[in-house]
1. Give Thr176, Thr153 a once-over and let me know the one that is hydroxyl-bearing (Ser, Thr, Tyr), closer than 30 Å to Cys282 by Cα, modelled with pLDDT of 95 or more and not in a helix (DSSP H, G or I).
2. If I filter region 70-83 for residues that are out of contact with any Gly (no Cβ under 7 Å at 6 or more places or on another chain), basic (Lys, Arg), under 17 Å from Ala22 (Cβ atoms) and assigned by TED's automatic domain parsing to the domain that holds Leu257, do I get at least one hit?
3. Within region 39-49, identify whether any single residue is touching a residue at least 60 places away in the same chain (Cβ under 8 Å) and basic (Lys, Arg), and answer yes or no.
4. Residue by residue through region 338-357, note down the ones that are crowded, with 16+ Cβ neighbours inside 10 Å and without any contact (Cβ under 8 Å) to a residue 40 or more places away in the chain.
5. So which residues in region 50-68 are touching a residue at least 24 places away in the same chain (Cβ under 8 Å) and either over 18 Å from Phe146 (Cβ atoms) or of a type in the set (D, E, K, R) (or both)?
6. Of Arg207, Arg183, Arg134, which residue is touching a Gly at 6+ places or on another chain (Cβ under 8 Å), of a type outside the set (Gly, Ala, Ser) and not assigned by TED's automatic domain parsing to the domain that holds Ile89?
7. Would region 136-143 turn up any residue that is within 15 Å of Ile239 (Cα to Cα), of a type in the set (Lys, Arg) and touching a residue at least 40 places away in the same chain (Cβ under 8 Å)?
8. Out of the residues in region 95-113 that are touching a Phe, Trp or Tyr at 6+ places or on another chain (Cβ under 8 Å) and under 16 Å from Phe277 (Cβ atoms), state the one that is surrounded by the fewest Cβ atoms within 10 Å (Cβ to Cβ).
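The values are calculated or read from the model by the stated rules, or taken from the named source; none is laboratory data. Note that the structure is predicted; figures quoted are calculated from it, not measured. Quick reminder, even Gly has a Cβ in these numbers, built from the backbone with ideal geometry, and neighbours come from all protein chains shown.
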Amino acid sequence: MVSSGEINRVVIIGAGQAGGEAAQRLRQAGYQGDITLIGEEPAPPYQRPPLSKAYLAGDLPMERLLLRPASVYAEEKVALLTPKRAVWIDRANKRVRLEGGREIPYDALVLATGARARKLPIVGADLPGVHLLRTAADVDSMRERFVSGARLTVIGAGYIGLEVAAIGRKLGLEVTVIEMAARPLARVTSPEVAGFFLDEHTSQGVRFMLGAQPALIRGTERVSGVAMVDGGEVPADIIVAGIGVTPETALAQQCGLTVENGVVTDAQCRTSDPHIFAIGDCAARPMAHYGNRVCRLESVHNAVEGAKVVAATLMGGAHTVEAPWFWSDQYDLKLQIAGLFQGYDRVVLRGVMADRAFAVFYYKGEKLIAVDAINRPAEYLGAKMLIQTGRSLAPAEIADTSRPMKELVAAAR
């Protein structure tokens, strides 16, 4: 076990939200030792959620994406090495090797390597005009094609895909969404909420092809369309693939850490090597509010919580982890999610879907496990508090909209 008194050098691999937060939290906790933050992108740590929203729309400049101004890292004596790539971890000698041969020693190592967007596994996926969306550079490369009248095809109807579709319609593009599942958001929400968002996007002019599979991307010098398995074809000037991500675990695997859909950690984010921690999208850790089920979560909240846990652990303390939360912005709809809905057996609706402001509560037996709140922040905050404290409400109480959510939460046991 690493003792805080033995830690004079912390190296963080990955300068995204998780890595940037880890460096910041360590300094805030009073850590005085060396911190080296290694990132493959040229920019200092920045927020990724706005990439598929305000940044793609052109409403948010790059400077406002930054977690902190670049000058702060020098002021706080954090060695920010960008763009640099770590290629090897020597666990025996506690050293990280960078591309080019430089080696950096560590007493504690934090893996915050994130995840990479999955490429379309079909012919034509490398054609100009076919884009993934994971980095600011990805958005920069596609933005000039996001012009009114252009034909946008989105492959994948998860959160990223639907957010891109919403921005496309806002900017006047003709938008088609192709999804292999029978409904959008199939992996992340209930049929009720998925149906609501399907109706909303359709009313905004988005065309959906559900239960459909692309066969190949057509084009010569650049993309011209998508040929479908059933023989149909979708013309396209630009294609955005949003078919999920793969955790970046190559370094962890190379040095023999336990990896299973992410770098496996304990509740303190410690890997199978006590000197190495993993946080953010690349890590799979026990969820305290769900029976310590090991999960890999892709969210800002998970990145921040992991950073807090590691900083507290390295300083000899502890951090009480919050229940998971997420969000998505589509048109004028704000979806706020608290908890993990997987395994639910009952849905309770609070509010009216037609009002475009309602919440769907998910129960497993008598226990509230999650909520999807659309334009209902009070329900989101109330449910998050209940899940955090292990309390619940009877479904009949939730459905009774005559009582404010705050009052219901105060009376919950």
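1. Thr153
2. yes
3. yes
4. Within region 338-357, just Ala357 meets the criteria.
5. Lys53, Leu67, Arg68
6. Arg183
7. yes
8. First, pick out the residues of region 95-113 that are touching a Phe, Trp or Tyr at 6+ places or on another chain (Cβ under 8 Å): 95-97, 108-111.
Still in the running and under 16 Å from Phe277 (Cβ atoms): 96, 108-111.
Numbers: Val96: 22, Ala108: 24, Leu109: 27, Val110: 31, Leu111: 30.
So, considering only residues that are touching a Phe, Trp or Tyr at 6+ places or on another chain (Cβ under 8 Å) and under 16 Å from Phe277 (Cβ atoms), the one surrounded by the fewest Cβ atoms within 10 Å (Cβ to Cβ) is Val96.
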